[in-house]
Each structure stands twice: as C-alpha cells, then as structure tokens.
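Undergrad: I have a structure I would like to understand better, so I am pasting it below and will then ask my questions one at a time.
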Amino acid sequence: AGYTFEEAIAAYENLFDSTCARQHPCHVALIIPTLDRIAGAERQVMLIAKGLRMRGWQVSVVALSGHGGATAAELAAAGIAFRSIGMWKGLADPAGWLRFIHWLRRTKPDVVHAHLAHATWLARWSRLFAPIPVVLDTLHSSSTGTIWRRLGYRLSHRLSDNVTTVSSAVASSHLAVKVVNPKNLTVLHNGVDLDDWNPDMQTRAAVRREMSIEDEFLWIAAGRLETVKDYPTLLKAMALLPESAHLIIAGAGPLLSDLSQLATQLNLGGRVCFLGFEPDVKPWFQAADGFVLASLWEGLPMALLEASACELPCVATNVAGIREVFEDGETGLLVPATDVSALARAMNTIMNASPEERRAMGIRARQRIAARFSLASVIDQWDELYDHLLRKKSSPIAAPDHSASGASCAPATGHTRSS
C-alpha cells in the first residue's frame with residue numbers, strides 16, 4: 001500500500017529530525033551585571049536558568065561582579081554553574097575582559113544571552129575574540145538611558161544575532177531612538193511560576209499575626225528605592241487614606257533615608273514599613289490585601305506579575321510596560337503617573353470595595369497572568385528562539401564566520417524544536 005500525503009510528510013519530518021538531531025546538551029550562558037542585588041531582571045534570569053536546566057540544557061550564569069552568595073548556592077543546587085568574573089572597575093577593567101574571553105574559549109557555550117547594558121556590551125564585543133555561535137541580549141526597561149548608552153548599543157548592534165525585549169513598550173521606545181534593528185527584534189515577555197506564586201491563607205494569617213494586623217487594609221509595594229518607582233507620590237497618597245491603611249515597601253536603594261524622612265513628615269508613623277532588601281517577598285504578597293505601583297516607567301514589572309499571580313487587586317500608574325499586564329477596571333485600576341490625588345482615590349476605591357469584588361478582581365488578574373505570562377510558556381519560547389538561532393547558524397547558506405558553532409547540540413532530554 002502506498003503512503004498517503006499526510007504519512008509522507010510525517011515520514012519526511014521524522015527523517016529530517018533524525019538527521020539533524022543534536023548529539024549532546026546545548027550550553028547556554030546567561031550574563032548579568034551582578035546577582036548580589038536581586039531585582040526584576042535578576043529574578044527573570046534565575047527563572048530562565050532553572051527552567052532551561054529542567055528541560056535538559058546545560059546552563060551557566062555569569063556575573064560581571066559580586067559573589068552571588070545565597071543566589072549562587074541556589075543555582076548550584078539546581079545544577080547550574082555560577083561564575084563571577086570580578087570586574088570590580090566595571091567595563092573599564094581589562095583583566096575582567098580577559099577572564100571572560102578565556103572562560104568563553106574554555107567552556108565554548110553554544111548560546112550567550114546577556115541581560116542589561118553592561119553585560120550586553122561585554123558579550124557583544126567579546127565575540128570578536130572568542131567563537132560564540134549565537135549571541136543575543138534582552139532589554140528590560142522602557143528607558144533608553146543616556147546618549148552614551150544609546151551609542152553603545154548602536155556601535156555594537158551588528159555583533160548581536162537577536163535582541164529581545166520584555167514588552168512591546170520596551171521595543172517601541174528603543175526602536176524610536178534607533179538602537180535596535182526591527183529585523184532581528186523579538187518581544188518575549190517575562191514569566192511567572194504559577195505553581196510557586198499563588199494565594200496562601202495560612203501564610204497570610206501567620207504574617208499578619210506577626211505584624212499585629214487584623215482588619216487593617218495592607219498594601220504592598222516592591223522595587224528598588226530609586227526615582228523610577230516614585231515612592232514620594234505613593235507616600236503622599238498614603239497620607240490621604242484612612243488610618244486603617246498600612247503599607248509595606250519591599251526594596252533597598254539610595255533613597256531610603258529620604259523616603260523614611262518623608263514618611264515621618266507626613267505623620268505616617270507605624271503605618272509604613274520599609275522592609276529593605278527581602279530575598280523572599282512571596283509571604284508578604286500573600287499577606288497583603290492589595291498591590292500598588294507608582295512607577296514613572298517600566299519594562300514589564302515582575303512585582304506586578306507576581307502580585308497578580310497571588311490574586312491581589314492592583315493599583316498602578318498608566319505607563320508603558322504596565323498597560324501590557326493590566327486590564328483597567330478588571331484586574332485593577334490605572335492612574336496617571338505622579339498624580340497623588342488620583343492614586344489615593346484609586347487605592348481608596350479598592351479599599352472600599354467588598355471582599356467579593358476584590359476577590360473577583362484578583363482571580364481575573366491571575367487568569368490573565370496564566371494566559372499570557374506563565375513561566376512554562378516563556379521557557380518554551382526561549383527554547384524555540386535559541387533553537388531557531390542555532391539552526392540558522394548551522395544552515396549551509398549561513399555566513400561562515402562562526403562555523404565552529406555547537407549547533408549540533410540538543411537538550412539532554414532529547415527535546416528539540418524546529419524553527
């Protein structure tokens with residue numbers, strides 16, 4: 001009996017896959033300025049590293065500086081190599097460049113994936129001295145920075161195979177100043193582990209009991225204490241709310257002293273708690289009644305994704321990056337940036353809503369995260385993108401400059417994806 005058309009196509013695909021199957025685990029190196037301070041970009045790198053390792057990839061995380069500390073131990077426990085190249089003088093440290101190039105030549109990663117500007121420039125320019133099959137980088141913020149930062153991206157853009165952004169807003173802002181090429185630009189959102197981030201009534205009760213909070217409404221904000229987060233506007237809005245409103249701010253940064261002084265001037269007293277750097281903010285999210293974000297701009301805020309996964313109704317500023325997470329009036333309320341009275345009104349609206357209304361809003365928020373920002377889906381997309389770029393480099397018609405690529409590799413599970 002002859003083959004049907006569908007059977008013939010399936011047989012061809014099987015032959016193609018078996019011929020092109022990779023013979024050893026792919027090695028991806030994730031490059032980041034440091035893991036001594038954990039913010040949104042660093043948390044996403046950790047999640048990507050662990051997710052890829054679970055798929056069978058060989059994964060290394062390389063920090064330009066710092067020691068990694070507990071984060072390095074966490075990576076090691078997941079079977080992920082961590083290396084700091086000790087660039088104590090930043091990119092002006094020639095010894096650090098040499099150490100990184102030596103590491104590349106010795107370990108021969110198949111994919112080098114850089115996050116944030118300094119790591120991007122290191123990865124791109126090092127390619128001139130070490131044969132890296134695929135180099136790509138990720139932009140995490142809608143801010144395009146200074147003219148020098150934009151110049152750094154422009155001068156090195158030909159050394160990157162692909163630029164990814166965590167949101168359409170980040171892509172638009174960087175396209176507008178012509179620091180990325182639309183032909184090799186990909187929007188790939190941050191992801192949240194929905195099995196890890198969820199509401200937990202036992203944790204909620206325990207944390208609130210520890211804080212001596214019963215019926216008071218507890219807001220939480222999270223993020224570094226820097227200008228972009230606009231905590232002064234948030235504190236001024238808090239001063240307009242009833243005394244039953246309390247606020248936890250999780251994050252460290254140079255503005256701590258100024259913000260503490262402002263809270264005192266506003267007579268917020270024991271209503272505002274500065275947690276400082278907190279490696280595990282999840283219990284605080286689970287204890288809260290609502291999440292608030294007063295940022296001036298964002299890329300795609302991890303804290304907002306995590307709060308939504310914990311089914312918290314959210315109030316946030318109507319700026320690029322946040323709008324991609326939010327459904328105004330459905331999963332939370334949006335307000336203009338820097339508008340103290342509008343922020344206070346929105347927070348008061350959430351506080352005055354019935355528990356059932358807030359619960360419904362939180363459930364819709366989690367459903368939106370599950371539909372668009374689940375970690376499993378994001379790891380699928382990274383897997384496919386890496387695979388596509390490696391296959392592109394190993395194609396007979398590809399430019400031969402990096403012909404020694406490791407594009408014949410595959411995740412150890414045998415899992416491969418076509419481009």
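Undergrad: Between VAL62, VAL45, which is crowded, with 19+ Cβ neighbours inside 10 Å and not in a helix (DSSP H, G or I)?
TA: VAL62
Undergrad: Okay, moving on. List every residue pair whose Cβ atoms lie under 6 Å apart, where the two residues are 6 or more positions apart in sequence or sit on different chains, the first residue falls within the stretch 233-260 and is among the β-branched types (Val, Ile, Thr), and the second residue, located anywhere, is open to solvent by less than 20 Å² (accessible area, probe 1.4 Å).
TA: Listed pairs, sorted by first residue: THR233/ALA294; ILE248/ILE220; ILE249/ALA221.
Undergrad: Name every residue in the stretch 101-130 that is in a helix (DSSP H, G or I) and open to solvent by less than 10 Å² (accessible area, probe 1.4 Å), in order of residue number.
TA: Across the stretch 101-130, the qualifying residues are LEU104, ALA119, THR120, LEU122, ALA123, ARG124, SER126.
Undergrad: Same structure again: Does the stretch 131-150 include one or more residues that are open to solvent by less than 10 Å² (accessible area, probe 1.4 Å), of a type in the set (Gly, Ala, Ser) and outside any helix (DSSP H, G or I)?
TA: Taking every residue of the stretch 131-150 in turn, none turns out to be open to solvent by less than 10 Å² (accessible area, probe 1.4 Å), of a type in the set (Gly, Ala, Ser) and outside any helix (DSSP H, G or I).
Undergrad: Considering only residues that are surrounded by fewer than 20 Cβ atoms within 10 Å (Cβ to Cβ) and either in contact with an Asp or Glu (Cβ under 9 Å, 6 or more places away or on another chain) or touching a residue at least 24 places away in the same chain (Cβ under 8 Å) (or both), which ones fall in the stretch 356-378?
TA: Once the filter is applied, which keeps residues that are surrounded by fewer than 20 Cβ atoms within 10 Å (Cβ to Cβ) and either in contact with an Asp or Glu (Cβ under 9 Å, 6 or more places away or on another chain) or touching a residue at least 24 places away in the same chain (Cβ under 8 Å) (or both), the stretch 356-378 yields ARG358, ARG359, ILE363, ARG364, ARG368, ALA370, ARG372, SER374, ALA376, SER377.
Undergrad: Only residues that are open to solvent by less than 40 Å² (accessible area, probe 1.4 Å), touching a Gly at 6+ places or on another chain (Cβ under 9 Å) and in contact (Cβ under 8 Å) with a residue 12 or more places away in the chain: list them for the stretch 73-100, please.
TA: LEU75, SER84, ILE85, GLY86, MET87, GLY90, GLY96
Undergrad: Ok, one more. Among the charged types (D, E, K, R) and closer than 20 Å to GLU357 by Cα: is that true of GLU330 in this structure?
TA: yes
Undergrad: Can you name the residue in the stretch 330-353 that is free of Cβ contacts under 8 Å to residues at least 12 places away in the same chain and open to solvent by 40 Å² or more (accessible area, probe 1.4 Å) and, of all such residues, is farthest from LEU139 (Cα to Cα)? Reasoning before the result, please.
TA: Restricting attention to the stretch 330-353, the residues satisfying the condition of being free of Cβ contacts under 8 Å to residues at least 12 places away in the same chain are 342, 345, 352.
Narrowing the set further to residues that are open to solvent by 40 Å² or more (accessible area, probe 1.4 Å) leaves 345, 352.
Numbers: ARG345: 33, ASN352: 38 Å.
Looking at the filtered set, the residue picked out is ASN352.
Undergrad: Does the stretch 288-297 include one or more residues that are surrounded by fewer than 24 Cβ atoms within 10 Å (Cβ to Cβ), closer than 19 Å to MET347 by Cα, in contact (Cβ under 8 Å) with a residue 24 or more places away in the chain and not small (Gly, Ala, Ser)?
TA: yes
Undergrad: Residues that are polar (S, T, N, Q): find the strands (runs of 3 or more DSSP E) completely inside the stretch 154-226 holding 1 or more of those.
TA: Passing ranges, in order: 162-165, 185-187.
Undergrad: With the structure loaded, tell me whether VAL28 is modelled with pLDDT of 95 or more, farther than 24 Å from ALA252 by Cα and either surrounded by 20 or more Cβ atoms within 10 Å (Cβ to Cβ) or touching a Ser or Thr at 6+ places or on another chain (Cβ under 9 Å) (or both) or whether it fails that test.
TA: Values: modelled with pLDDT of 95 or more: yes; farther than 24 Å from ALA252 by Cα: yes; either surrounded by 20 or more Cβ atoms within 10 Å (Cβ to Cβ) or touching a Ser or Thr at 6+ places or on another chain (Cβ under 9 Å) (or both): yes.
Judged against the criteria, VAL28 is a match.
Undergrad: Which residues, counting only those in the stretch 48-59, are in a helix (DSSP H, G or I) and farther than 18 Å from LEU305 by Cα?
TA: Within the stretch 48-59, ALA49, LYS50, LEU52, ARG53, MET54 qualify.
The values are calculated or read from the model by the stated rules, or taken from the named source; none is laboratory data. What you see is a predicted model, and the numbers here were worked out from it, not measured in a lab. Note: ideal-geometry Cβ built from the backbone for every residue, glycine included; neighbour counts use all protein chains shown. Side chains are part of the model used for accessible areas, which takes the heavy atoms of the whole protein and leaves out ligands, DNA and RNA. Shrake-Rupley method; radii C 1.70, N 1.55, O 1.52, S 1.80 Å.
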